[in-house]
Amino acid sequence: MANILFVDDEENLLKVYKSYLERKGHNVVYALKGEDGLEILKNHKIDLLILDLHLKEGMQGIDVLKEAHNTYPNLTIMILSGFGGDEDVIAKCTQLGAKKVLKKPLTLAELKENIEKLLSLT
């Protein structure tokens, strides 16, 4: 299956996502800070980056999105954020290279469905 990187500061949520998606056959790693996520991208083959826009420490998600897309233009990027329903946010993220913008909270089934759709496009 896919190598998935989550960058989000909600570690408990990340543990749930990781456990669920690994049971579905994916390899999942996560970072709590944007800088750490970019370092993982540099050192591992990642098929899908799932990114929160608002991180508590370090780089903000929008900056990680810009850098990740500029450095790895073929990387599939999904935004998962509490602000994901805002039309301006969606437009900005799409313009910067995100393939999908989703609003939190999201069920595990919705997450899986959206991941599968995105991965089928690559």
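The values are calculated or read from the model by the stated rules, or taken from the named source; none is laboratory data. Keep in mind the model is a prediction, meaning the values are calculated, not measured. Here Cβ is always computed from backbone atoms with ideal geometry, including for glycine, and neighbour counts include all displayed protein chains.
The strands (runs of 3 or more DSSP E) located wholly in region 28-114 that include 1 or more residues which are within 15 Å of N3 (Cβ to Cβ) occupy 48-51, 76-81. Taking region 79-96 as the search range and keeping residues that are touching a helix residue (DSSP H, G or I) at 6+ places or on another chain (Cβ under 6 Å) and closer than 21 Å to L13 by Cα, which one is modelled with the lowest pLDDT? The qualifying residue modelled with the lowest pLDDT is F83. If the condition is being surrounded by fewer than 17 Cβ atoms within 10 Å (Cβ to Cβ) and either among the acidic types (D, E) or within 10 Å of the chain's Cα centre (by Cα) (or both), then region 68-101 contributes D86, E87, D88. In region 95-110, the residues that are without any contact (Cβ under 8 Å) to a residue 40 or more places away in the chain form Cβ pairs under 7 Å with partners that are hydroxyl-bearing (S, T, Y) and in a helix (DSSP H, G or I), at six or more places apart or across chains, as follows: V101/T94. Among the residues of region 80-90, are any closer than 22 Å to L119 by Cα and touching a residue at least 40 places away in the same chain (Cβ under 8 Å)? Checking region 80-90: at least one residue is closer than 22 Å to L119 by Cα and touching a residue at least 40 places away in the same chain (Cβ under 8 Å).
Could you tell me whether region 58-71 includes any residue that is among the small types (G, A, S) and modelled with pLDDT of 95 or more? Yes: one or more hits.
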